[in-house]
Amino acid sequence: MKYELVAGLETHIELSTKTKIFCQCTTEFGGEPNTHCCPICMGMPGTLPKLNKKVVEYAVKAGLATNCKIRNISKMDRKNYVYPDLPKAYQISQFDMPLCYEGFIKLSSGRNININRIHIEEDAGKLVHERGDTYIDYNRGGVPLIEIVTEPDFRSIDEAVEYIEKLRLIMKYICVSDVKMQEGSLRCDVNISVREKGEEKLGTRTEIKNMNSLNFIAKAMEYEFNRHVDIIESGGKIEQETRRYDSDLNITESMRGKEDADDYRYFRDPDLVTISVSEEEIRKLKNELPQLPDEKLAVFVNEYGLPKDDAELLIKYKKIAEYYEEASKDSTNKKLASNYILSQIFRRLTTDSEKEECRISIPPEYLGQLIALIENKKITSSMASNTLEQMLDSGKPASEFLSEKDMQGIDEPQLREICIRAVNENAEAVKSYLEGKEKALKSIIGYIMKETKGKADAKLAAEIIMEVIKK
Amino acid sequence: MSRIKYIQNLLETKQISCVELTGKYLSSIEKQNPVLNAYVNVTGDEALKTAKIVDEKISLGQKLMPLEGIPMSLKDNISTKNIETTCCSKILRGYYPIFDATVWEILKKQNSVLLGKTNMDEFAMGSSCETSCFGVTLNPVNTECVAGGSSGGAAASVAGNMAVFGLGSDTGGSIRQPAAFCGLVGFKPTYGTVSRYGVVAYASSLDQVGPITDSVEDASIIYDTLSVYDSKDSTSSGSKISTHDKLNKSIKGLKIGVAKEFFEGIREDIKKSIEDAINIYEELGAEIIHFEMPKLKTVLPVYFIISCAEASSNLGRFDGIRYGYKTNSYKDINEMICKTRSEGFGREVKRRIMLGTYVLSSGYYDAYYKKAQNLRGSIILDFKKIFEKCDVILTPSTPVTAYKKGEALKDPIETYMMDICTVPVNIAGLPAISIPCGFDSDKMPIGMQIIGNSFEDYKVLNAAYQYEVQAKRDISPSMSPLPGDRR
């Protein structure tokens, strides 16, 4: 391929503060239309906005978690445009002094995607088309958003997808948003241009607006890339314009050209005062940040010795990662808990949301206890598997399914006794073994396992058997 | 003398009941309003209901709050729950707010008796009430003249003895100018001391609510009651200083600044009245300090750029979708919004929206809005420097006295020029008062303005009060203590 994709992303993320950005209304998703509204978020004449401090805190956290600098002094501006879902005919946003700026997210390839800015703003309401009519639901109006704008640093669709996934995960880890794409709490605009590989100059860009599915974003980017290439190949010129993606037809189509671009007439909102965030507040918020996904991944791989693939599966869901940490905290073999979670437990969590919410019927301590029994050779791994199934079925601890005796394990004198008995009772097998049939040993061990209900240490048993036979 | 205290005394000594008192005001309105057009909406039932509550309190021997039982009016841009609030614009006809403005909430808690909503220029844009969709308000002093504006209805309600006080709003002089035209006291407090919540915005960074009264003491009592921090208004500061307690301070040694620029283009008889007032101040022991204010000539363009820019944004919400006027026939949503606004707004409002949209447009922003903001900053600094040398500044309130109706509409630019003395105060967010200081040859009142430093409202009020006492102005000569009574 002779052409290179150049893309930048603008990502809108709804913050999960309890109340809206400028009033006391709930930010809860859904609800009967126009029930999460008040005169302020409906923009009634004479009402005034009052900035929710939590929004600033959440946005600063988002900035810190994406390596941004934080502005100590910033302000809110009005972005004027007319649309029925925008009750004041302006959106309160930030224009030239965004709260956070100059950050980056590192991709797995080691490449940095630079973040130009993160600013706070209010969401608009929603138009609902029903029975041939249009209705307006203002419930979403005034829900706080952050807009994260990257530099045109993406060179492939995969990079864009990875970036969004990473961004989502970070926001989830720092608990500033539930980033549910299907509910629209994460939406993306993509700026795309195409140039010949090796070319320094950027091509003319087009912007695809408002997509809320990773799949659609990838498809839209692919379509748009090919469209640009086709135009260039046929000697045409790309128009700078805003486009929308039609997921049914899998095409992008023009919404408006450069000439029709809105003039937002930004100016400082005189109803709101300067936002100041002190260095001390920034430090405090920084300290409140939890371990971020990349940091956790490094710990899981480098300190716990988990295979990278396994570690990635665990950190993909914040609550699962935390469950794992809790379950494995007393064990020396950190892989055990990971293995049980990724196999037996994950088999029961079939959907993404079940994993997301970590719907595991037993608390992590129970799994930890089971693992301790294995590590202390009290029970065998096959016993553990069976027990875990019973635990997961019932939500009860291992002790419910294992008797005193089961959990006692078998010490060496006991094992020696059983081994002697095994040798005596399996004369045929002993004979075969002595004739050089290595396999025969296995059947003797099998006998021991049966006798001990699987609790015997097979390796130790083999040593003892050979010792006994040699005598 | 304070009319508020006079009336509260009558109530507390049971010389008159609040219901009776309210009845007198209501019949005064009934008699005069058809001519004066001060009120656009009279809330008689509500008023009598409140009056009854006050009478019960009095019968129980309870002490009255400072504004309890006082019949008053609200400008029609102050939101009143379940009472139509139109800003005197066709576009807001039929709009009944579902919440109260903070200032009305405060007065409601005080059991102030709301007589009704007063006329104003449409969205407070104008200086004669002639842009109101309800027509002009006439001046009770001389009904051939306008009452001024934009709070003309508020002024006429007081001057016509149809209310004890009126609350108005002042963006460029809208309280002080009608007060001056009607021979009253109009006080525009420091920006932020009185909540703007629920006051339909014209220009958010300039708007401020204040009283129109017939005595400085009443203005002080009302201001003290209203200047409370409001968490609903981010720009609210409130004020903890009681201006009323500081009213009797001697002004010996008070430094009064006077700048010649404020007297340029002022009618000679008005200049003379102000000079007389200056003499009175000197007699009272004040020191007159002359200073220069070369930037005064920039204040009008700065004011019009900033106020129109903000207005163009503030008035965007009137689209016919949620409340107020909506056009009858339309093809689609764009046409609906466009027609609603074309039909709903009057000429002056449209003019200012267009001007404001223009100065904010990309390509023009730097040349107009940004430059105006920079100039605003330097005007604020100039005032700061002046107040290092002076306690208050004395100027005329208006270049002319109340004019005949129809005159203001002839030439908008000329009319804008009439705001030259009042506008700088809003640009700098300062407190200022207009008080009567004489009459012209047609017996129309002349007003003088006293401007103070930010949050020194008490100095402004005391300086005005001292003059009022010295000049022996009792209740306005044209007015009887209560409507209908003989003086």
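The values are calculated or read from the model by the stated rules, or taken from the named source; none is laboratory data. Keep in mind the model is a prediction, meaning the values are calculated, not measured. In this analysis, Cβ positions are derived from the backbone assuming ideal geometry, glycine residues included, and neighbour counts consider all displayed protein chains.
Of the residues A:ASP158, A:ASP189, the single one that is in a strand (DSSP E or B) and assigned by TED's automatic domain parsing to the domain that holds A:TYR101 is A:ASP189.
Among the conditions (1) of a type in the set (Lys, Arg); (2) more than 29 Å from the chain's Cα centre (by Cα); (3) surrounded by fewer than 21 Cβ atoms within 10 Å (Cβ to Cβ), the only one that A:ARG78 does not satisfy is (3). The residues of the stretch B:431-446 that are within 26 Å of B:ASP457 (Cα to Cα), in contact with a helix residue (DSSP H, G or I) (Cβ under 6 Å, 6 or more places away or on another chain) and not β-branched (Val, Ile, Thr), listed by number, are B:PRO431, B:ALA432, B:SER434, B:CYS437, B:GLY438. Answer yes or no as to whether A:MET383 is in contact with a Gly (Cβ under 8 Å, 6 or more places away or on another chain), in the same structural domain as A:ASN333 (by TED's automatic domain parsing) and over 16 Å from A:SER328 (Cα atoms). Criteria met by A:MET383. Only a single item in (1) surrounded by fewer than 16 Cβ atoms within 10 Å (Cβ to Cβ); (2) more than 23 Å from A:CYS100 (Cβ to Cβ); (3) of a type outside the set (Val, Ile, Thr); (4) modelled with pLDDT of 95 or more is not met by A:GLU199, and it is number (4). Filtered by the rule that a residue be out of contact with any helix residue (DSSP H, G or I) (no Cβ under 9 Å at 6 or more places or on another chain) and either free of Cβ contacts under 8 Å to residues at least 60 places away in the same chain or assigned to a helix (DSSP H, G or I) (or both), the stretch B:208-253 gives B:TYR229, B:SER231, B:SER234, B:THR235, B:GLY238, B:LYS240, B:LYS252, B:GLY253. Quick one: what pairs do we get from the stretch A:118-145, first residue within 11 Å of another protein chain (Cβ to nearest Cβ), second basic (Lys, Arg), C-beta under 6 Å, 6+ apart or different chains? These pairs meet every condition: A:GLY125/A:ARG140. Just one residue in the set B:SER79, B:SER112 is small (Gly, Ala, Ser), at the interface with chain A (Cβ under 10 Å from one of its Cβ atoms) and either touching a residue at least 24 places away in the same chain (Cβ under 8 Å) or surrounded by 24 or more Cβ atoms within 10 Å (Cβ to Cβ) (or both); that residue is B:SER79.
For the stretch B:316-325, the count of residues that are within 14 Å of another protein chain (Cβ to nearest Cβ), part of a helix (DSSP H, G or I) and not small (Gly, Ala, Ser) is at least one. The numbered conditions (1) part of a loop (DSSP other than H, G, I, E, B); (2) away from every other protein chain (no Cβ under 14 Å); (3) in contact with a Ser or Thr (Cβ under 9 Å, 6 or more places away or on another chain) are all true for B:ASP269 except (1). Checking each residue in the stretch A:24-56 for being surrounded by fewer than 19 Cβ atoms within 10 Å (Cβ to Cβ) and farther than 18 Å from B:THR102 by Cα picks out A:THR26, A:GLU28, A:PHE29, A:GLY30, A:GLY31, A:GLU32, A:PRO33, A:ASN34, A:THR35, A:LYS53, A:LYS54. Out of A:ILE120, A:ILE164, A:ILE113, one residue alone is closer than 19 Å to A:HIS12 by Cα, within 19 Å of the chain's Cα centre (by Cα) and assigned to a strand (DSSP E or B). It is A:ILE113.
When B:ARG267, B:ARG317, B:ARG322 are screened for being touching an Asp or Glu at 6+ places or on another chain (Cβ under 9 Å) and among the charged types (D, E, K, R), only B:ARG267 passes.
The rows are residues; the columns are (1) more than 19 Å from the chain's Cα centre (by Cα); (2) in a helix (DSSP H, G or I); (3) within 14 Å of chain A (Cβ to nearest Cβ).
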{"residue": "B:VAL359", "(1), (2), (3)": "yes, yes, yes"}
{"residue": "B:TYR369", "(1), (2), (3)": "yes, yes, yes"}
{"residue": "B:ARG376", "(1), (2), (3)": "yes, yes, yes"}
{"residue": "B:LYS384", "(1), (2), (3)": "yes, yes, no"}
{"residue": "B:LEU394", "(1), (2), (3)": "no, no, no"}
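Just one of the listed residues (A:LYS79, A:LYS18, A:LYS53) is free of Cβ contacts under 8 Å to residues at least 60 places away in the same chain and within 14 Å of chain B (Cβ to nearest Cβ), and it is A:LYS53. Does any residue of the stretch B:184-201 turn out to be part of a strand (DSSP E or B), within 14 Å of chain A (Cβ to nearest Cβ) and surrounded by 24 or more Cβ atoms within 10 Å (Cβ to Cβ)? Yes, some residue in the stretch B:184-201 is part of a strand (DSSP E or B), within 14 Å of chain A (Cβ to nearest Cβ) and surrounded by 24 or more Cβ atoms within 10 Å (Cβ to Cβ). When B:ASP233, B:ASP207 are checked against the criterion of being over 25 Å from B:TYR465 (Cα atoms) and either among the acidic types (Asp, Glu) or more than 14 Å from every other protein chain (Cβ to nearest Cβ) (or both), a single residue qualifies: B:ASP233.
The single condition from (1) within 14 Å of chain A (Cβ to nearest Cβ); (2) surrounded by fewer than 20 Cβ atoms within 10 Å (Cβ to Cβ); (3) within 28 Å of B:ASP224 (Cβ to Cβ) that B:LEU48 fails is (1).
Restricting attention to the stretch B:82-94, the residues being over 18 Å from B:GLY316 (Cα atoms) and buried (at least 18 other Cβ atoms within 10 Å of the Cβ) number 1.
I want to confirm something. Restricting to the stretch A:208-237 and keeping residues that are in contact (Cβ under 8 Å) with a residue 24 or more places away in the chain and charged (D, E, K, R), which single residue is farthest from A:ARG195 (Cα to Cα)? Explain how you work it out, then say what you get.
Going through the stretch A:208-237, the residues in contact (Cβ under 8 Å) with a residue 24 or more places away in the chain turn out to be A:208-214, A:216-225, A:227-229, A:232, A:237.
Then keep just the ones that are charged (D, E, K, R); that gives A:209, A:219, A:222, A:224, A:227, A:237.
Numbers: A:LYS209: 21, A:LYS219: 19, A:GLU222: 15, A:GLU224: 13, A:ARG227: 13, A:LYS237: 12 Å.
Top of the filtered list is A:LYS209.
Test B:GLY253 against the criterion of being of a type in the set (Gly, Ala, Ser) and at pLDDT 95 or above, and give yes or no. Considered against the rule, which asks whether it is of a type in the set (Gly, Ala, Ser) and at pLDDT 95 or above, B:GLY253 comes out as yes.
Are any residues in the stretch B:96-107 free of Cβ contacts under 8 Å to residues at least 24 places away in the same chain and touching a strand residue (DSSP E or B) at 6+ places or on another chain (Cβ under 9 Å), and if so, which ones? Passing the criteria: only B:TYR96.
Of everything in the stretch A:1-54 that's basic (Lys, Arg) and assigned to a loop (DSSP other than H, G, I, E, B), which residue is farthest from the chain's Cα centre (by Cα)? Full working, then the answer.
Applying the first criterion (basic (Lys, Arg)) to the stretch A:1-54 yields A:2, A:18, A:20, A:50, A:53-54.
Pick out the ones that are also assigned to a loop (DSSP other than H, G, I, E, B) and you get A:2, A:18, A:20, A:50.
Values: A:LYS2: 34, A:LYS18: 21, A:LYS20: 24, A:LYS50: 32 Å.
Among residues in the stretch A:1-54 that are basic (Lys, Arg) and assigned to a loop (DSSP other than H, G, I, E, B), the one farthest from the chain's Cα centre (by Cα) is A:LYS2.
Condition check ((1) more than 22 Å from the chain's Cα centre (by Cα); (2) loosely packed, with under 13 Cβ neighbours inside 10 Å) across all residues:
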residue	(1), (2)
A:ARG348	no, no
A:GLU357	no, no
A:ASN376	yes, yes
A:SER385	yes, no
A:SER403	yes, yes
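Looking only at residues of the stretch B:99-150 that are among the charged types (D, E, K, R) and over 13 Å from the mean Cα position of the chain (by Cα), we find that the one that is nearest to B:GLY316 (Cα to Cα) is B:GLU122.
In the set A:ILE231, A:ILE282, A:ILE275, only one residue is of a type in the set (Val, Ile, Thr) and within 29 Å of A:ALA7 (Cα to Cα); that residue is A:ILE231. For the stretch A:268-298, residues that are in contact with a Lys or Arg (Cβ under 6 Å, 6 or more places away or on another chain) and within 14 Å of chain B (Cβ to nearest Cβ) total 3.
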